[in-house]
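Asker: The structure that follows is given in the form of structure tokens.
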Amino acid sequence: LQSFFSPALQGTGGSQTYFGLINTGNETEEIARYSYDQGGGVAAWDVIELAPGEKVENNTAYIGILKPDSRSMSASAVSGRQCLIGYIKILNPSFASRGRALAPLAGHGGGELVAPHIASGGCWRTFMSVMNTGNMDSEVEFSAYDGNGDKIDGCSRILKAKGSLAGEASAIFDRSPTGDIASIKITSGGPDGSLPLSGLLIYEKTNGLQLAGMPINPAVSSTLRLPHLACSGPWATGIGLMNAGNVSSDIIFSLFDGNGDILISRKEYLNPNQRLSGTLKGLFGDDISRDARYLQIESSGGQPVSGIYLIATSNGLQLMGDVIGF
């Protein structure tokens, strides 16, 4: 596991951040943890020991290797075995808040990452952290698209090896109004054409009461599946989907029941880099059934698609989300 953590993504209102690791192997492991400054320099490091199945979760305020200038963190087994999983947890500790965000930490994510849904403006904002996990400096290109798939802004940033960039997603760009950015592509360059990146998104209600976190992944599949739907009572499920390919395509949305039978399908046409966002009830209307158990999203043209989901209550107190898997 080569994972990362950025204390710059602590939100507002004194949010607390936790870093967790689990040894999924069958042997006791020594785990080397490094913290890096914004330029990728090693700020500090340590070695901890985890027994088989053991989990360690630390408030970042009490992790000794996180210095005032630390901006990211990696962890790996000294043995070289792939035996770790990790996560970041962010919470608002105020008495009235139920704001929580839990996101798995990824390793090397690839040379191009896709953030298919940016919630900025109004009562929402999106925080982003991107790390160059490679061993060479990289010029990283950030491209912002509006809801129709038109590129409305772009910029490049030099990220040193193990260097990172973190902050509100819309603040990365100089010209675009906050509410116009619907999605972002992040592309790394180097002597070999691309260098590995890893990223994290945090969606936050401006009052700090709702949080959701997830990794930023490459778009590699033309079919995505959302295995759980919450569309009754106070619950609603929202999705943000982007056609991450270079060709326009019909996108087929299909609801399945628990037996794997299709209940209903509908089709949307998306241009390259165009985003579709809304709730499942908004997408299917009165046709959504109580028997619906999961959603399949497929690009009929074989173009890669990228998506996230958010499940929330109508009282504005509870929220969770993640990427839509394939």
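The values are calculated or read from the model by the stated rules, or taken from the named source; none is laboratory data. This one's a predicted model, so the numbers in the text were calculated from it and none came from an experiment. Virtual Cβ from ideal backbone geometry, glycine too; neighbours counted across all protein chains shown. To get the accessible areas, we keep the full protein, side chains included, count just its heavy atoms, and leave off ligands, DNA and RNA. Shrake-Rupley method; radii C 1.70, N 1.55, O 1.52, S 1.80 Å.
Residue-wise test of (1) open to solvent by 60 Å² or more (accessible area, probe 1.4 Å); (2) at pLDDT 75 or above; (3) among the hydroxyl-bearing types (S, T, Y); (4) out of contact with any Phe, Trp or Tyr (no Cβ under 8 Å at 6 or more places or on another chain).
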{"residue": "S74", "(1), (2), (3), (4)": "no, yes, yes, no"}
{"residue": "Q82", "(1), (2), (3), (4)": "yes, yes, no, yes"}
{"residue": "I88", "(1), (2), (3), (4)": "no, yes, no, no"}
{"residue": "L102", "(1), (2), (3), (4)": "yes, yes, no, no"}
{"residue": "G109", "(1), (2), (3), (4)": "no, no, no, yes"}
{"residue": "V114", "(1), (2), (3), (4)": "no, yes, no, yes"}
{"residue": "H117", "(1), (2), (3), (4)": "no, yes, no, yes"}
{"residue": "G121", "(1), (2), (3), (4)": "no, no, no, yes"}
{"residue": "W124", "(1), (2), (3), (4)": "yes, yes, no, no"}
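Asker: Tell me which residues, restricted to segment 152-173, are open to solvent by 20 Å² or more (accessible area, probe 1.4 Å) and of a type in the set (D, E).
Answerer: E168
Asker: Looking at (1) in contact with a Gly (Cβ under 9 Å, 6 or more places away or on another chain); (2) surrounded by 14 or more Cβ atoms within 10 Å (Cβ to Cβ); (3) within 25 Å of F127 (Cβ to Cβ); (4) modelled with pLDDT under 90, which is the one condition that is false for P177?
Answerer: (2)
Asker: Let me ask something else about it. Can you tell me which residues in segment 278-303 are at pLDDT 95 or above and among the hydroxyl-bearing types (S, T, Y)?
Answerer: Of everything in segment 278-303, just one residue is at pLDDT 95 or above and among the hydroxyl-bearing types (S, T, Y), namely S299.
Asker: Of the residues in segment 262-287, how many are among the aromatic types (F, W, Y) and open to solvent by less than 60 Å² (accessible area, probe 1.4 Å)?
Answerer: Here the count works out to 1.
Asker: Can you find a residue that is at negative phi, more than 19 Å from the chain's Cα centre (by Cα), modelled with pLDDT under 95 and open to solvent by 50 Å² or more (accessible area, probe 1.4 Å) anywhere in segment 212-219?
Answerer: no
Asker: Quick one: how many residues across segment 299-326 are surrounded by fewer than 22 Cβ atoms within 10 Å (Cβ to Cβ) and assigned to a loop (DSSP other than H, G, I, E, B)?
Answerer: The qualifying residues number 11.
Asker: Please find, within segment 194-211, the residue that is surrounded by the fewest Cβ atoms within 10 Å (Cβ to Cβ) out of those that are among the hydrophobic types (A, V, I, L, M, F, W, C) and assigned to a loop (DSSP other than H, G, I, E, B).
Answerer: Going through the qualifying residues, I end up with L209.
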